[in-house]
Amino acid sequence: MSAPTFVGFRNLIYEKSGIYFPDNKKYVLDSRLASRLAEHNCTTFEEYLALLKTDAWRDKELPALFNAVTTNETFFFRDLPQLQAFNDLILPAMIKENQGTKRLKIWSAACSTGDEPFTLAILLLERGREGAGSSGKEPALAGSGLAGAMTPGAGGCKGEKESVLADSRAGGCNGDLGGWNVEVAASDISEAALGSARRGAYGPYAMRHVSPPLLSRYFTMEDGLHCVKPEVKRLVRFAHINLFDSARVKLMKGMDIIFCRNCLIYFDDKAKKRVVDSFYDCLNPRGYLLIGFSESLHNVTRAFHPISSHKTVVYQKV
Ligand SMILES: C[S@@+](CC[C@H](N)C(=O)[O-])C[C@H]1O[C@@H](n2cnc3c(N)ncnc32)[C@H](O)[C@@H]1O
């Protein structure tokens with residue numbers, strides 16, 4: 001790929017998604033776009049770029065382009081300190097905050113193949129078990145807050161309720177946990193990753209940090225894969241959302257907690273600011289934003305209050 005063609009791809013991808021490929025990542029585009037060229041019988045990168053610039057083709061091809069250029073690395077129980085902060089600090093605070101409405105809305109905004117939102121759903125169910133007075137041996141994370149406030153609802157799925165996710169195709173519903181209405185919204189720009197997320201079937205790599213008790217409680221084994229049980233799936237609603245699509249993101253208003261971990265690293269500062277500002281607008285007052293362990297809002301915004309907890313930093317809307 002020539003330097004000008006690389007810049008052409010870089011500008012297009014950035015303009016549409018915020019993902020920025022610096023010069024030293026040219027080789028990544030080189031290798032990831034090869035399959036798209038083959039798919040369209042293009043013999044050169046220039047031909048494929050020209051096709052992407054054609055109005056009639058762009059909308060059809062962009063989803064496949066995003067599938068090709070995104071990095072979807074993820075796994076269950078990633079960055080445990082952050083999950084401990086979520087469990088021990090943020091959930092108790094939000095439970096107190098929302099006692100009046102008994103509603104809790106969590107958004108995993110770059111959920112990839114679903115490992116993150118399903119981890120959150122498992123943590124919520126574990127807290128419910130503690131609250132229900134189960135023997136609770138080896139809970140995922142020790143803590144209090146939801147215990148007593150949220151116990152597993154007897155009714156299970158009660159059908160579609162009002163949702164911020166217009167195109168949810170997970171077939172799930174909001175979770176009714178002990179009278180609390182809990183929704184884990186999960187979205188990504190990659191349709192391919194979302195397809196895997198909706199299937200909810202995982203190999204050993206994704207599961208390497210899941211303890212044996214949790215494995216047997218929340219997964220079944222089918223064809224050598226760990227499949228998420230329906231009680232976990234029903235808490236999570238998947239949707240395709242490009243975080244650079246302001247109109248779609250605006251629909252996500254009223255969130256209590258947003259996870260956007262290990263996604264902002266692919267953006268430049270300007271794109272990070274745009275996305276983080278939109279998260280601010282989506283959060284309820286005193287809501288929380290969790291970004292990746294190695295990511296920071298330094299140079300991006302001062303709108304959030306950083307809170308150090310469990311050897312990590314979480315951000316609260318002030
Ligand atoms: C490395 S994965 C992180 C997954 C998960 N949050 C975690 O920490 O394990 C980054 C994800 O961000 C998604 N992504 C990148 N740009 C995006 C955008 N503009 N809108 C929505 N998702 C995006 C990618 O498709 C990818 O699945």
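The values are calculated or read from the model by the stated rules, or taken from the named source; none is laboratory data. As the structure is a computational prediction, the values presented were derived from the model and not from experiment. Cβ atoms come from the backbone with ideal geometry, glycine included; neighbour counts cover every protein chain shown.
Within the range 33-60, restricting attention to residues that are of a type in the set (D, E, K, R) and either part of a loop (DSSP other than H, G, I, E, B) or crowded, with 17+ Cβ neighbours inside 10 Å (or both), the residue that is nearest to the ligand (Cβ to nearest atom) is Arg36. Screening Gly195 on (1) within 13 Å of the ligand (Cβ to nearest atom); (2) touching a strand residue (DSSP E or B) at 6+ places or on another chain (Cβ under 9 Å) shows it passes everything except condition (2). Exactly one residue out of Leu120, Leu125 is of a type in the set (A, V, I, L, M), at pLDDT 95 or above and under 22 Å from His209 (Cα atoms), and it is Leu120. The set of residues in the range 198-233 being within 16 Å of the chain's Cα centre (by Cα) and either of a type in the set (Gly, Ala, Ser) or modelled with pLDDT under 95 (or both) consists of Gly200, Ala206. Can you spot a residue in the range 297-304 that is in contact with a Cys (Cβ under 6 Å, 6 or more places away or on another chain), surrounded by 20 or more Cβ atoms within 10 Å (Cβ to Cβ) and not in a strand (DSSP E or B)? Within the range 297-304, none of the residues are in contact with a Cys (Cβ under 6 Å, 6 or more places away or on another chain), surrounded by 20 or more Cβ atoms within 10 Å (Cβ to Cβ) and not in a strand (DSSP E or B). Selection over the range 99-119 of residues that are surrounded by fewer than 18 Cβ atoms within 10 Å (Cβ to Cβ) and part of a loop (DSSP other than H, G, I, E, B) gives a count of 4.
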